[in-house]
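Asks: I have a structure I would like to understand better, so I am pasting it below and will then ask my questions one at a time.
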Amino acid sequence: MDEWGRLVALLESLGATSDEVEAARDAGTLGPLALDLALRGDGPTLPMAESTARHGVPLELATRYWRALGFADVDGTTPVPADAGEALALVGTVGRELLGEDGTLALARVLGSSTARLAQAMVDSFRARFEAPQLAAGAAYPDVVADYVRLARDVLPPFLDAMGAVLRRHLVVVAAGNWSSDRESTATRRHVAVGFIDLVGYTALARTLGPSALGRLISTFEDVVTEASAGHRGRVVKLLGDAAMFAADNAADACGIALDVVEAAAGAGLPPLRGGLAMGEAVALQGDLFGDVVNLAARLVAVAPEGLVLADEALKAVGAEGITFEPLAPQPLKGFDAPAVAYAVRRR
């Protein structure tokens, strides 16, 4: 049997219909179809209109949630696996009761973007470390797909359980932080120290690096930021490729994170880094932070010399044990009317 026949046999053993095989062949997605079949779970795949009707969720609302979760080209004929239909029903009923429609849509967008990034990272890692080397070594594509399916069935369920455990721990940590509500009770406010770390000269450097070297650079940078944040009870708010944003509940931890990262650059094989810190009230919304304190920290990192961390006056006023704040000339910052007083953060 040739490779095409073996691949079709594998798909049929996983329950693919002839229409699905033909559609995947035309689209060049026979491998992904095998993964889809392996992960569908029990129950029939139904058109969205039928699936939502079974669960009592209005089709118009379900399509809005589905798009918010990051899935495009959706209408009443969109095929929805049974487990996805149950998840959509849960979002559409329990979510609305707890958070309201707008709140549920906002949370769905965060869930969709976060899980899409996680899925991208998992698939990219598998292809780079498993699929591509196997094919380069002469492995037949049906064999690679079969291994893909076995790994997905064996590894993914416990991995999803682990994700649930991690989420539960993060819920506890975040709930323990200080917070207050705005007047309209639509968002929470947190008094935090916000920091940004930036790779100096990244744009020019990225043009000279191949994909593997660039990937190692970004991975190392993210590892250093994550380790430092965890070591000082902080939180990585978001990773931005050549930059990272983090937050901490106090000035000492924020200074510790920024200095640890900047000082680790040379030993980790990274280009020079720089940091910016500011302290104050931030609006906490959908897992992100907003407000003047965030803008100030972002502007400070943009004017910081390489190898230095700059802090605003509010953070310096709080102070941090073992840290000195060296006054600098007022810094003109984009978006701010008056030059900002800034301080170079150093260890004693």
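The values are calculated or read from the model by the stated rules, or taken from the named source; none is laboratory data. Given the structure is predicted, the values throughout are model-derived calculations rather than measurements. So basically every Cβ, Gly included, is an ideal-geometry build from the backbone, and we count neighbours across all protein chains shown. Protein only, heavy atoms only, side chains kept; ligands, DNA and RNA dropped before computing areas. Shrake-Rupley method; radii C 1.70, N 1.55, O 1.52, S 1.80 Å.
Asks: Take each complete run of DSSP H in the chain, measure how far its Cα atoms stretch along the helix's own axis, and keep only those covering 18 Å or more with mean Kyte-Doolittle hydropathy at least 0.5; list them.
Replies: Helix filter hits for the chain: 141-175, 251-264.
Asks: With Rg and Dmax of the Cα atoms in Å defined as stated, name the option among (1) 24.5, 89; (2) 24.5, 76; (3) 22.1, 72 computed from the structure displayed.
Replies: Matching the structure shown: (2).
Asks: If you average the sequence gap of Cα pairs under 8 Å that are 6 or more apart and divide by the length of the chain, what percent do you get for the contact order?
Replies: Numbers: 490 pairs, mean separation 41.1, N = 348.
The value is 12 percent.
Asks: Using only DSSP helix segments of four residues or longer, with each worth -39500 (n - 2.57), what per-residue ellipticity at 222 nm results for the chain after dividing by its residue count and rounding to 500?
Replies: The helix-only estimate for the chain comes to -17500 deg cm²/dmol at 222 nm.
Asks: With the cut-off at 1.5 for a/c, could you classify the stretch 68-206 from its C-alpha gyration tensor as rounded, prolate or oblate? Please list the in-between numbers first.
Replies: Details: a/c = 2.17, a/b = 1.38, b/c = 1.58.
Because a/c hits 1.5 or more and a/b fails to exceed b/c, the stretch 68-206 counts as oblate.
Asks: Just how much of residue 148 is accessible, in Å², when a 1.4 Å probe is used and the result is rounded to the nearest 10?
Replies: 40 Å²
Asks: Shape of the stretch 1-94 from its Cα gyration tensor (a ≥ b ≥ c, root eigenvalues): rounded if a/c is under 1.5, otherwise prolate when a/b > b/c, or oblate?
Replies: Prolate, because a/c is 1.5 or more and a/b exceeds b/c.
Asks: Using a 1.4 angstrom probe on heavy atoms only, work out the carbon and sulfur share of the accessible area of the chain in %. Intermediate values should be presented prior to the final figure.
Replies: Values: 10830 of 19160 Å².
After summing per-atom areas, the C and S share lands at 57 percent.
Asks: Can you work out the accessible area per residue across the chain, with the rest of the protein chains kept in place, probe 1.4 Å, in square angstrom?
Replies: Heavy-atom accessible area per residue stands at 55 Å².
Asks: Name the shape class, rounded, prolate or oblate, that the alpha-carbon gyration tensor gives for the stretch 267-348, where a ≥ b ≥ c are the square roots of its eigenvalues, rounded holds for a/c under 1.5, and otherwise prolate holds if a/b is larger than b/c and oblate otherwise.
Replies: Rounded, because the longest to shortest axis ratio a/c is under 1.5.
Asks: Sequence gap at least 6, Cα distance under 8 Å: using those rules, report the relative contact order of the stretch 245-348 to the nearest whole percent.
Replies: Relative CO of the stretch 245-348 lands at 25 percent.
Asks: Of the peptides 169-177, 44-52, 335-343, how do they stack up when ordered by the mean number of other Cβ atoms within 10 Å, highest first?
Replies: 44-52, 335-343, 169-177
Asks: Restricting to Cα pairs below 8 Å that are 6+ residues apart, what does the relative contact order work out to for the stretch 266-305? Please round to a whole percent.
Replies: On the way: 36 pairs, mean separation 17.5, N = 40.
It rounds to 44 percent for the stretch 266-305.
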